[in-house]
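Visitor: The structure follows.
Read-outs: derived from the displayed coordinates by stated rules, not from any lab. Source: prediction; values computed, not measured. Here the Cβ is made from the backbone with ideal geometry for all residues, glycine too, and neighbour counts use every protein chain on show.
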C-alpha cells in the first residue's frame, strides 16, 4: 500500500499513536478500528453465497476474453471507490468549515458526521474490494469457497503488505512460510488498522482530502484488482494443468511444488500472485510433508532435478506440462526459466518445446486462459 501512495504526501501513513489519537478524537474506538475489517469480511462471505447462489457467467470457460472482462470489472470498481473517496473528502471538508465558521459550536454535529462518513467510506470501499475479488474469481472460473477464506486472507495479506521479514532473511522463503500459515483474524486486524490510518490521514485535510481520497482510492483499487486478477489467472491455469496431475502425480506433488518454486523465483523475487499460489499448493500437503517441502525451497535446483528422475515414465508428460504452464502463466519466459525447464526435460527424458510454451504465453496474453488443447499434457 505504501508504494501506491508514496507520491501523495498527505496520505503518508501516520504512526500507530497518531492513528489512535485521531481516531479517538473522531469517536472511532480502538477495538472497532482493530477488528472491523475482519468483521466486514466475515459478514460479506457469510452472505455471498446467499446473494449469488447461481454463479455468474464463467467468461473464461466460454472462451471469451477473460482479461478484457477483468479489466472492465477493475475499472468500474476503481471508479466507485474514487467517487466514494471524493464524497468522504467533501463531507469532512464541509465539517471542518462548519466547525470553523461557528467557532466550534457546529463541531458537536459536524465532527460525528465526519467520523460516520469516514467509517462508511472504509466499509463501502471494503465491500467494493471484496465484491471485485469474487467477481474476478468468477470471470476466470475459479472455485471460490466462501466457507474457506484462507486463500482470500493470504492474497489480501500480500496486497496490504501485512508481513515483514528480518534483515538477512530470504524474503521469498520467509514470505511463503508466513503466508502459508496466515491467520485471518490477525491479518484482518492489521489491514483494518492500516485502512483506518490512511482514511483518516487523507480526509483530515480540508479541500486537499477531496482530491487525494479520490485518487488514492482509485490507485489502491487498481492495485488490489490487478493483483487479484493475476492470482486468479494463475489459479485457473494451475487448476487446468493440475486437474490430471494432482491425481496421477499425487505421490510426487512435493517435487512439483518445488519445481514451481524454482520457476517462480528464477527472476530473483516472488510476485504476490506467485506467493499466494505456492501457499495454496502447499495447503494440499499434510503438515509433515509441507514442512519438509518448505525446507527445500533453496536457490539451486540441481539436487531437485536429480530427484525428479524417480517419477514414473507414465507420469512424466503430466509433470513436465505442469512446469511449462507455471513458466508461461506470467506471460514471459526468462533465460533462467528456460534453463530450469531444459534441465527438468533432460532428467525426465523429454524434449524441451519452447514453441509450445510461446503459444501458451500468447493465449494468456490474448485471452487470459489456455485453449483446451493446451490445458492438458500434449503427449498424454
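Visitor: Taking Rh as the Kirkwood radius, which is the inverse of the mean 1/r over Cα pairs, what is the Rg/Rh value for segment 286-368? Don't skip to the end; give the middle numbers.
Guide: Numbers: Rg = 14.0 Å, Rh = 14.0 Å.
Radius of gyration over Kirkwood radius for segment 286-368 works out to 1.00.
Visitor: Hey, can you rank 286-298, 342-354 by average C-beta count inside 10 Å, highest first?
Guide: Order by mean packing, descending: 342-354, 286-298.
Visitor: For the peptides 306-312, 318-324, what is the packing order when you average, over each peptide's residues, the other Cβ atoms within 10 Å and list the highest mean first? Intermediate results must be reported in sequence, preceding the final value.
Guide: Working: 306-312: 13.9, 318-324: 24.6.
Taking the mean over residues of other Cβ atoms within 10 Å, the ranking is 318-324, 306-312.
Visitor: While we're on this one: What is the diffusion coefficient of segment 235-375 in µm²/s, taking the Kirkwood radius over Cα pairs and the Stokes-Einstein relation at 20 °C with a viscosity of 1.002 mPa s?
Guide: 142
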